[in-house]
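Encoded as structure tokens, the structure appears first; notes follow it.
The values are calculated or read from the model by the stated rules, or taken from the named source; none is laboratory data. Bear in mind that the values here come from a model prediction, so they are computed numbers and not experimental data. For neighbour counting, all protein chains shown are included, and Cβ atoms are generated from backbone atoms with ideal geometry for every residue, glycine included. Note: accessible area is taken over every heavy atom of the protein model, side chains too, but ligands, DNA and RNA are not part of it. Shrake-Rupley method; radii C 1.70, N 1.55, O 1.52, S 1.80 Å.
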Amino acid sequence: MLLNLKHKIYVTLFFIAFFASNLNAQVLDPEIEEKVSALLAQMTLEEKVGQMTQIDVGVVTVMNGQDVDQPFDMARLEDAIISHHVGSILNAPSTPNNKAQSIEKWRNMTQTIRAVAARTRLKIPIIYGIDAIHGATYTQNSTLFPQAINMAATFNRDLSFKEGEITAREVKASGIDWNFSPVMDIGRQPLWPRLWETYGEDVYLASSLGSAFIEGHQSNDLSAADKAPTCLKHYVGYSFPINGKDRTPTSIGERMLREIFLPSFEAGINAGAPTIMVNSAEVDGIPGHANYHYLTTILRNELGFMGFTVSDWEDIIRLYSRDKVAASPREAVKMAVMAGVDMSMVPFNFSFYDLLLDLAQRGEVPVSRIDEAVTRILRVKYQSGLFERTEPTIAVNAHFATKEAEIINRQAAQESIVLAKNDKHFLPLSKKASILVTGPTANLLSVMNGGWTLTWQGDDESLYPKNKLTLLEAIKQKTSGKVTYVGGKNYQDEINIEQAVTEARTHDVVVLALGEKPYTETSGNIDTLNLPFPQLQLAQALFATGKPVVLVTFGGRPRIITDIAQQANAVVLGFLPGMEGGVAMADVLFGDINPSGKLPISYPRNTNDIVLYDHKPMESYAPNQYNPLYPFGHGLSYSEFETHGLTLDKTQIQVGEGIEVSVDVKNIGKMTGKETVLVYLNDVVASVTRPTKQLKAYAKVELKPNEIKKLHFTISADAMSLIGVDMKRQIEIGEFKVMVGNESVNFNVNEK
């Protein structure tokens, strides 16, 4: 009774306005709606079903099509577009060995597709999609940024915005229309092989950086020559598999769904993303592509999403072939379309088209549902300016792989690198030191880029540009001292430990580069976070020499390095810093750049010790503890910073009001550097258990030695909300705590 009196729950007018804003997040253009309606009225059922069909480009290309100037089998291309009326094509020639094409070839390919579409009865354009998740990944010599986990480590919203701008520009210069990015899944399962495609474990950070990418990629005009529509992936819950394997089940309660996994997608919708790709796995026994509650009740009715949903790879037929929730391929198509899937990534044939056409002709799928899906697809095509486009809308010169883009890319890589340990200020290294560079990730570009880089898995080193530097090559350019390299033939074995030990004894310092090979999706499934044993053997042998060791890691997951990290003089976490990663890492190692990256994940101490930073009180209540090797937000600098003077503009507010936070940050070191100030909030007592702290604001500032800046933050009323006992978003009256650095200040939310 006392708890209920103290924490009476209020759903205020603020929340009514908040949800209403969601419904209006994607404002419809009356002129476009009129065009869509008029076009829909002219379409046959066959043409409508075709618009809902997306095929892989391999369906319409010749064998080994990536190696010829004209990869299309024109008869097959015409059959797809003219006879089957397909609405979309994806990928690079040819699956499964698809690889990056020259920009000239891309422009010729997409122009050929436009020309065939222009010969159809209604001249409805194709929308061509590609996974440009860290730049134009399938166009040769494009600007390839750090992967999302690294962009999260920058804590720099401006860099994420610029990445979006540059990526859209280079995708459009390639003649491509649509980007399957960003990934808005929340990365809270470190085994998951797509963790690196996320912005990490925190909801606020992922929402903030993902929204910034979308805003840069799209602006307010999808039809602009240098802008392109984005696609939120993978709605929803895909990133939290129980066993850590890709495309496997998760179990997410309604409260966790609404507090952890939905908000980033909601933020993406509010930022204007017009398309969404569906979760390839299942949640609580319901496959993503059959989940009416998620795809219709929540996405359309609650969040007000007005764009279209697209299936992931072959996932509709898998409702029958894999998941066994459909008794036949026909039933699988019906189930997915009625759940809310608008476009099917079939991708290798026209089975979806044939089955859906028959279902509609027999009245088993209402034409009204098909009209809804096609309306959404046509809307995005009109918004994107595809009906007016007869050729690529942007020139290559001054828009592709520019010097400016390279500079921004290098800055992003630099700011994404996390200095995790620097014992007795061992780093930065002297440029006159003699250095042994060794380890399986020291002399490869692929390990710094990961999957979706030139090829799907990103593991064909022969395709990487020769003018970009590996870590070894970048170190050689930095120093006048002796640099020796002892490598291995692969990631698992054949590291010449004896040679490495012999060379270590004749050098001042060892740079030991460990980590993972490139991968994505199920190819990246692993059974343990432990590093391969040969890498551990190499590390221990080098420590035994008594020479100082700098541990550098590359890879998409937090592989367990606890024993090695304790013995190393310094630990630098590179993750996947992209095509400028080698240069950026060398910049950090030699002190040309002061490191400023912060961890967007909790780095586990051991394989089964997975506790997230925003854990519940019982997870740190004795004997339980939050004890990662490195916590969320951790990251050292060659300078030192302190925060002090944390204040609030008031200590008593009413439900629905926000609060202003101020704090001073000072550089107390001897080197100019950038520091990220993190603002956390805790609801002290609530009707449902609350995290010990949650990130609600952040800012990154550059400070000269002894410089002080006063930072101001707003914690909105929404930031104080929770999903209550009744599964509704609410604010509860009572005490809250704001935390910055080592300081905390409390305030109270009172009844209006």
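Looking only at region 544-568, how many residues end up being under 18 Å from Leu444 (Cα atoms) and basic (Lys, Arg)? Residues meeting the conditions: 1. Restricted to region 36-142, the set of strands (runs of 3 or more DSSP E) holding at least 3 residues that are of a type in the set (Lys, Arg) is empty. Counting only residues that are in a loop (DSSP other than H, G, I, E, B) and either under 18 Å from Ala412 (Cα atoms) or open to solvent by less than 40 Å² (accessible area, probe 1.4 Å) (or both), region 443-469 holds 11 of them. Pick from Glu364, Glu331: which is out of contact with any Ser or Thr (no Cβ under 6 Å at 6 or more places or on another chain) and in a loop (DSSP other than H, G, I, E, B)? Unique residue meeting the criteria: Glu364. Taking Ile286, is it hydrophobic (A, V, I, L, M, F, W, C), surrounded by 22 or more Cβ atoms within 10 Å (Cβ to Cβ) and at pLDDT 95 or above? So Ile286 fails the test. Selection within region 560-570: residues that are crowded, with 22+ Cβ neighbours inside 10 Å and in a loop (DSSP other than H, G, I, E, B). The member of this set that is nearest to the chain's Cα centre (by Cα) is Ile561. For Ser251, the criteria (1) small (Gly, Ala, Ser); (2) open to solvent by less than 10 Å² (accessible area, probe 1.4 Å); (3) more than 13 Å from the chain's Cα centre (by Cα) hold in every case but one, which is (2). Among strands (runs of 3 or more DSSP E) entirely within region 678-752, having at least 2 residues that are among the β-branched types (Val, Ile, Thr) singles out 708-715, 734-740, 743-750. If you go through region 503-530 and keep only what is assigned to a helix (DSSP H, G or I) and surrounded by fewer than 14 Cβ atoms within 10 Å (Cβ to Cβ), you end up with just Thr522. Close Cβ contacts (under 9 Å, 6 or more residues apart or on different chains) running from residues in region 334-347 that are in contact (Cβ under 8 Å) with a residue 60 or more places away in the chain to residues that are of a type in the set (Phe, Trp, Tyr) and assigned to a loop (DSSP other than H, G, I, E, B) comprise Met345/Trp313; Pro347/Trp313.
Could you list, in sequence order, the residues of region 167-219 that are part of a helix (DSSP H, G or I) and either open to solvent by 10 Å² or more (accessible area, probe 1.4 Å) or of a type in the set (S, T, N, Q) (or both)?
Within region 167-219, Thr167, Arg169, Val203, Tyr204, Ser207, Ser208, Ser211, Glu215, Gln218 qualify.
One residue stands out among those in region 6-54 that are modelled with pLDDT of 50 or more and of a type in the set (Lys, Arg): the one that is least open to solvent (accessible area, probe 1.4 Å), which is Lys48. Checked against (1) hydroxyl-bearing (Ser, Thr, Tyr); (2) open to solvent by 50 Å² or more (accessible area, probe 1.4 Å); (3) farther than 25 Å from Arg255 by Cβ, Ser311 passes all but a single condition, namely (2).
Grab the strands (runs of 3 or more DSSP E) fully contained in region 608-676, keeping just those with 1 or more residues being closer than 23 Å to Phe426 by Cβ, at pLDDT 95 or above and open to solvent by less than 30 Å² (accessible area, probe 1.4 Å). Before the answer, list the steps.
Values: elements: 641-648, 652-654, 659-667.
Where strands (runs of 3 or more DSSP E) fall fully within region 608-676 and carry at least 1 residues being closer than 23 Å to Phe426 by Cβ, at pLDDT 95 or above and open to solvent by less than 30 Å² (accessible area, probe 1.4 Å), they are 659-667.
The set of residues from region 598-607 being in a loop (DSSP other than H, G, I, E, B) and crowded, with 16+ Cβ neighbours inside 10 Å comprises Lys598, Leu599, Pro600, Ile601, Ser602, Pro604, Arg605. Just one of the numbered conditions (1) β-branched (Val, Ile, Thr); (2) within 29 Å of Lys693 (Cβ to Cβ); (3) assigned to a strand (DSSP E or B) is not true of Ile260: (3). Here Tyr698 meets each of (1) free of Cβ contacts under 8 Å to residues at least 40 places away in the same chain; (2) buried (at least 21 other Cβ atoms within 10 Å of the Cβ); (3) within 20 Å of Leu209 (Cα to Cα); (4) not charged (D, E, K, R) with one exception, condition (1). The single condition among (1) open to solvent by 30 Å² or more (accessible area, probe 1.4 Å); (2) under 21 Å from Asp371 (Cα atoms); (3) at pLDDT below 95 that Leu3 does not satisfy is (2).
So is Ser744 among the hydroxyl-bearing types (Ser, Thr, Tyr), under 23 Å from Tyr613 (Cβ atoms) and loosely packed, with under 14 Cβ neighbours inside 10 Å or not? Judged against the criteria, Ser744 is a match.
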